[in-house]
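The values are calculated or read from the model by the stated rules, or taken from the named source; none is laboratory data. Quick caveat, the model's predicted, so the values are computed rather than measured. Note that we place each Cβ from the backbone using ideal geometry, even for glycine, and neighbour counts take in every protein chain shown.
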Amino acid sequence: MGANSSKLLRVTYVFAAAGVLTLVVLVAVSFWLLEKTSASTQNVIVAREQLTALSQLLSSIQDAETGQRGYLLTGESRYLEPYNIAIKNVPQRMADVRDQFKDQPQAKGRLDEIAAATAAKLQELASTVELRMAGKSNEALAVVNTDRGKNLMDDIRKLVAEQTEVVETELTKSIQSQQDNAVLARWFTLGAGVVILLAALGAAATILRYTRALLATRGKMEQLNMGLEERVKERTADLQRANDEIQRFAYIVSHDLRAPLVNVMGYTSELEAGLATLASLCEDPKLVELESGPAARTAIREDLPESIGFIRTSTHKMDGLIKAILKLSREGQRILRPETVDLEEFFDSAIAAVQHRVTEADGEIEVLRPMPTIETDRLALEQVFGNLIDNALKYTMPGRAPKIMIEQVPSRWGAIVIEVRDNGRGIAADDAERVFDLFRRAGAQDKQGEGIGLAHVKTLIRRLGGEITMTSELKRGTTFRVMLPRKLPEKPNAQ
């Protein structure tokens, strides 16, 4: 099934890739054709505007000539009105023509010829009208009879016709390009659609075969998984029993270790009492007369007290470690009891418990509100945040008043995330990984402690179904980020 599944998946991927590739090519070609069609359409628009400008120019010149002839023949001023309007419009019409062809340098020569012929024609028209207005009709007609105006008009018509023919040729090409692009787009879209359809059908057929293979193996999988839940329960019960055994072993070992330790501490007290008796002999002058007297005096006054001090310090330290192990063992056996905890009230109580220490240090603890309400084990929560606040007040930066900020930060998956930030002495990057280890302490060992606080905190948070992380910068401060579920899990994490 594994080899067949891989083959089926590869075939499916090939069909899917073919479909996607065809779609991408279709989009690219469609975009290219769209650009070409857009360019052709723009050319058509420009050509039509050019034809309109040429037609309007020629029409205005013809209107001026018509008005001139009517006035020359009749002498009636009503013919001057269309003449004057045309004469006024011709310069603007010529400017419009030049504007339409401004992006076509090759047309400049013919446009200059049209402009020159138009100017000459307007001058000829104006001269005849002025002669007729002055009462010199014969002279005006003589100018007309020279055929100079007719020749100029023929030149203008010829030049405009030539330029119009050029524009119409370009217009025909652009329209043909539009039609070709449309045909190409139609056929290419049809071909691409067929390819995509074939790829989809191939992928569907492959998926159908794969689904049938999965259904064929489903029964086998159900048989293999039968009883898996029971085996998991058995393994979980075994792990729980092993964990209970470890806790009992830790308790028994710790308890049994304290018995000889108490004896050592008792004998140390007897040694101190005996040493006090020996110390009185050091004042006896006869001790100096003995050959070993000075060495004995040194041993009684210096060596033995120092050794006894080392023994007492070590026993106290070992006693603290054994108590810590007992505490962890007992805590792991305690049943977590969920209850509703208002975090605002909870932190108010936690701060009130250490307010005297905050006041003595001229410090500040601020809780940003609002805070949510969660369902969890209150005692475990008090131990967690009590330890974090205690550490923040304990490991301060010399010369800097402690400042602690507690706030809820945004989180995913519906969890509650509380940050505890301080401005203390911080933790070096090299020690960041060890602060949660049992009996491991970071930085200068100038404060009392057994190195179990954060390890205990991490264990409790895991039992509550959460996690804890830390970020810190040396001499700047530390931030602990505690993530907790809104509701205590039905089966809390064990140690």
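For Gly332, which of the numbered conditions (1) surrounded by 17 or more Cβ atoms within 10 Å (Cβ to Cβ); (2) at pLDDT below 95; (3) within 14 Å of Glu407 (Cα to Cα) fails to hold?
Condition (3) is where Gly332 drops out.
Filter segment 407-432 down to the residues that are of a type in the set (A, V, I, L, M, F, W, C) and touching a helix residue (DSSP H, G or I) at 6+ places or on another chain (Cβ under 6 Å) and list them by number.
Hit for segment 407-432 is Val420, nothing else.
Looking for something at pLDDT 70 or above, assigned by TED's automatic domain parsing to the domain that holds Tyr13, over 19 Å from Val24 (Cα atoms) and assigned to a helix (DSSP H, G or I) - is there at least one such residue anywhere in segment 217-236?
Within segment 217-236, none of the residues are at pLDDT 70 or above, assigned by TED's automatic domain parsing to the domain that holds Tyr13, over 19 Å from Val24 (Cα atoms) and assigned to a helix (DSSP H, G or I).
Which pairs have Cβ atoms under 7 Å, sit 6 or more apart or on different chains, and link a residue in segment 137-166 that is on the phi < 0 side of the Ramachandran plot and not assigned by TED's automatic domain parsing to the domain that holds Gln50 to one that is buried (at least 16 other Cβ atoms within 10 Å of the Cβ) and assigned to a helix (DSSP H, G or I)?
Once the first residue is on the phi < 0 side of the Ramachandran plot and not assigned by TED's automatic domain parsing to the domain that holds Gln50 and sits in segment 137-166, no partner that is buried (at least 16 other Cβ atoms within 10 Å of the Cβ) and assigned to a helix (DSSP H, G or I) comes close enough.
Can you name the helices (runs of 4 or more DSSP H) wholly within segment 340-417 that have at least 2 residues being among the aliphatic types (A, V, I, L, M)?
343-353, 378-394
State which residue is surrounded by the most Cβ atoms within 10 Å (Cβ to Cβ) when the search covers only segment 148-186 and only residues that are small (Gly, Ala, Ser) and closer than 30 Å to Glu124 by Cα.
Gly149
Residue check, Ile196 against (1) surrounded by 14 or more Cβ atoms within 10 Å (Cβ to Cβ); (2) among the aliphatic types (A, V, I, L, M); (3) within 30 Å of Leu72 (Cβ to Cβ), all met but one. Which one?
(3)
Exactly one of (1) surrounded by 14 or more Cβ atoms within 10 Å (Cβ to Cβ); (2) in contact (Cβ under 8 Å) with a residue 24 or more places away in the chain is unmet by Gly75. Its number?
Just one mismatch for Gly75, condition (1).
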